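Here is the structure we will look at, set down as structure tokens.
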Amino acid sequence: MNSIDETHDPALESWVESANDPATEFPIQNLPFGRFRRAGETGALRIGVAIGDQILDLVATRLIDTDDMNRLMAASPDDRRRLRRAISTFLRDGGADQRARDCLVAQSDAEMGLPCHIGDYTDFYTSIHHATTVGKQFRPENPLLPNYKWVPIGYHGRASSIGVSGESFPRPNGQIKAPDAEAPRVGPTRRLDYELEIGVFIGTPNERGEAVPMDEAESRVFGMALFNDWTARDIQPWEYQPLGPFLSKNFASTLSPWIVTTEALAPFRSAFVRPAGDPQPLPYLDSASNREAGAFDIQLEIWLQTPKMREAGQAGERLVRSNFNDAYWTVAQMVAHHTVNGCNLQSGDLFGTGTLSGPDAEQAGSLLELSEGGKKPIQLANGETRTFLEDGDCIVLRGYCERNGARRIGFGECRGTVLPARSHR
Ligand code: CA
């Protein structure tokens, strides 16, 4: 597990003044990586680090010599820690130096791309609260399948339709069969939903045939971002048996632009515990360090901005608060399980955690849970209601970590907007 060093010292300040604002999500203790270019430019994306309301152009600092994020992510854990210390030092000292200031680009002057090339994407199902609530709707007699407490369940998703925060996408069309209908119809989904997830990025790859043991699993992880796995709930039940999710999921997923590294998250670790009476993980999913500090205390929020709120100049309404801590499986267990059969993970591969619902009904990470399958409309403060998403609705995910003795850090935003459906003929 990553240890705490001088880069986490809560007293550290930067010569970038906005990084010292107590409200910033990007103080000098965070240093998340993303890819950007100046707004209006058409050239290749460059690697930057968010600092306050600025971006530090890393190639311009000469701390790295590549614009290939996947190459940077593949570095050894020691090299990654060395780079973090070098960036921290650069942003601590040398503020009077005009050359250092020339390496900054205002975030308001930049557009962000996906943080890396994502070769493969796997979505897990790590919240037992989500699995149980959703299972009840699909199989009331048998909500939690018998494998759940033994296997970190997942499926292979599609990387090509993953976009970056700020995007919009059309409401998907698909086959929909009402429970009382004799045959399906094709048309726009009427039950469009979001899923609150964390995206986990693989850094150091493993060879095909090489199982990554638990004690090494986390050293293969570069960092995390917020992830919205948009889902069409009326396409899903008709298509999901026997091979799992398909077109109900792969039309769009949205990532926040900044990868918060596992090193930055070191002060926000928690013990991994199983409820009394549950089976303990099999040996390949167990380690002392995982038990001691395998979980991450990341607070999560879901915000909805309807077109009516936008017209009234309102930022939106918070629907839910949740926490990654409540997941049933850890990041290390996802890596160990994914590779136990010898599957090779590559630098830039993305894992979704699955919908991160908490134990309480109001901590639901999807509308499917929050509206009880569309039966209980959600009452919004401006008088509107929602069961599922309507055209023009914008969903914003937020995440942050705060603890006594540590500087608060944040993930930025993961924002996506639903457009009307396009013709499917
Ligand atoms: Ca999902």
Report summary line: Counting only residues in region 171-203 that are of a type in the set (D, E) and over 30 Å from S219 (Cβ atoms), the one nearest to the ligand (Cβ to nearest atom) is identified as D193
Report task. With respect to L356, determine if the residue is closer than 25 Å to L114 by Cα, touching a strand residue (DSSP E or B) at 6+ places or on another chain (Cβ under 7 Å) and modelled with pLDDT of 95 or more. Result -> yes
Report task. Using the structure shown, decide if S168 is within 23 Å of N325 (Cα to Cα), within 21 Å of the chain's Cα centre (by Cα), surrounded by fewer than 21 Cβ atoms within 10 Å (Cβ to Cβ) and more than 15 Å from the ligand (Cβ to nearest atom). Result -> no
Requested in this report: Test A225 against the stated conditions and say whether it is crowded, with 22+ Cβ neighbours inside 10 Å and in a helix (DSSP H, G or I).
Outcome: no
Query raised in the report: Where residues in region 135-165 are within 16 Å of the ligand (Cβ to nearest atom), in a helix (DSSP H, G or I) and surrounded by 15 or more Cβ atoms within 10 Å (Cβ to Cβ), which of them is farthest from the chain's Cα centre (by Cα)?
Result: Q137
**Report entry** Selection within region 101-118 - open to solvent by less than 40 Å² (accessible area, probe 1.4 Å) and either part of a loop (DSSP other than H, G, I, E, B) or not hydrophobic (A, V, I, L, M, F, W, C) (or both)
**Finding:** C103, G113, P115, C116, I118
Query raised in the report: Filter region 295-322 for residues that are free of Cβ contacts under 8 Å to residues at least 40 places away in the same chain and not hydrophobic (A, V, I, L, M, F, W, C); which is nearest to G399 (Cα to Cα)?
Result: R318
Query raised in the report: Among the residues of region 274-287, is there at least one that is within 16 Å of the ligand (Cβ to nearest atom) and farther than 25 Å from S347 by Cα?
Result: no
Report summary line: If we ask which residues in region 21-74 are part of a loop (DSSP other than H, G, I, E, B), touching a residue at least 40 places away in the same chain (Cβ under 8 Å) and aliphatic (A, V, I, L, M), their number turns out to be 5
Report summary line: Only unsatisfied item for E210, checking (1) within 16 Å of the ligand (Cβ to nearest atom); (2) part of a loop (DSSP other than H, G, I, E, B), is (1)
**Report entry** Residue that is nearest to the ligand (Cβ to nearest atom) [pool: residues in region 231-243 that are within 19 Å of R158 (Cβ to Cβ) and open to solvent by less than 20 Å² (accessible area, probe 1.4 Å)]
**Finding:** T231
Query raised in the report: Here are some conditions: (1) open to solvent by less than 20 Å² (accessible area, probe 1.4 Å); (2) part of a loop (DSSP other than H, G, I, E, B). Y400 meets all but one. Which one does it not meet?
Result: (2)
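The values are calculated or read from the model by the stated rules, or taken from the named source; none is laboratory data. What you see is a predicted model; the values in this text were computed from it and never measured. Cβ coordinates were reconstructed from backbone atoms using ideal geometry, including for glycine residues, and neighbour counts include every protein chain displayed. Note: areas computed on protein heavy atoms with side chains; ligands, DNA, RNA excluded. Shrake-Rupley method; radii C 1.70, N 1.55, O 1.52, S 1.80 Å.
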